[in-house]
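The values are calculated or read from the model by the stated rules, or taken from the named source; none is laboratory data. A quick note: this is a predicted structure, and the numbers were derived from the prediction, not measured. Every residue, glycine among them, receives a Cβ derived from its backbone with ideal geometry; neighbour counts consider all protein chains shown. Each accessible area value is taken on the protein alone, full model and side chains, heavy atoms only, with ligands, DNA and RNA left out. Shrake-Rupley method; radii C 1.70, N 1.55, O 1.52, S 1.80 Å.
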Amino acid sequence: LLWLGRAWIDNGMPANGIPNLELLLEKYPDSRHVPAAQTLLARQALDAKEYGTALIYAQTALDNAAELEFVIDATFLRAEALRGLGRHDEAAADYNAILANRAAPRRLKPEALIGIAACLTAQKEYAQAIAYYQRVYVLYGAYRKAVVEAYLRSGDCFEKLGDPAAALKTYQEFLASDYAPGTADAAYVRQRIAALSGGAP
């Protein structure tokens, strides 16, 4: 059931996969596969922006999981669900736990930094948020999607702080990087540069 559920989800058909996972939880609540099914269901609920449901699955996975891999995954999913629910301090605590855990996979570290920065941004702590975004593009250059997001959000935070010069510098640094060519984000950044430069490209 776990294999079927995951296979459907990986093939872009979660509506076919989710019932298999739910059946596993219903019929085999003592199975060692339960935490994996719960983390998969939490991820699907997050994708559907059903943050309350995602939080329940992530928390239950944490309560059941013995293997570190599932504990870390469920902690990250719980953080994302809490952020979606606007519980920013609790979310940041979970993201920080991932950053502090040496066993956490490297791919989660930039996501956790972006999560903390997004929580700070939501609380209008723009200067603090920028420091986290900058850590993403300084330390995690291999994670292209995270780096692009960090540059754009960092520039936006500078704009919100009323520091157009710093925003311009951030946007120009992004355009000069290897991350910009051929992306829709580059077009957006050029628009922001034009606006901040008083119309000059």
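Scanning the stretch 172-201 for residues that are closer than 17 Å to Ala142 by Cα and part of a loop (DSSP other than H, G, I, E, B) returns Ser177, Asp178, Tyr179, Ala180, Pro181, Thr183.
In the stretch 83-104, the residue that is nearest to Gln59 (Cα to Cα) out of those that are open to solvent by less than 60 Å² (accessible area, probe 1.4 Å) and touching a Cys at 6+ places or on another chain (Cβ under 9 Å) is Ala91. Looking only at residues of the stretch 6-64 that are farther than 21 Å from Ala79 by Cβ and among the aromatic types (Phe, Trp, Tyr), we find that the one that is surrounded by the most Cβ atoms within 10 Å (Cβ to Cβ) is Trp8.
Applying the selection to the stretch 132-148, what residues are part of a helix (DSSP H, G or I) and open to solvent by less than 50 Å² (accessible area, probe 1.4 Å)? Working first, answer last.
First pass over the stretch 132-148, keeping only residues part of a helix (DSSP H, G or I): 132-139, 144-148.
Passing the criteria: Tyr133, Val136, Tyr137, Ala146, Val147, Val148.
For the stretch 171-201, the set of residues classified as touching a helix residue (DSSP H, G or I) at 6+ places or on another chain (Cβ under 6 Å) and over 14 Å from Ala150 (Cα atoms) consists of Arg192, Ile193, Leu196, Pro201, listed by residue number. The set of residues in the stretch 115-129 being within 15 Å of the chain's Cα centre (by Cα) and surrounded by fewer than 24 Cβ atoms within 10 Å (Cβ to Cβ) consists of Ala118, Leu120, Thr121, Ala122. Suppose the filter is surrounded by fewer than 16 Cβ atoms within 10 Å (Cβ to Cβ) and under 17 Å from Tyr179 (Cβ atoms); does Lys160 pass it? Criteria not met by Lys160.
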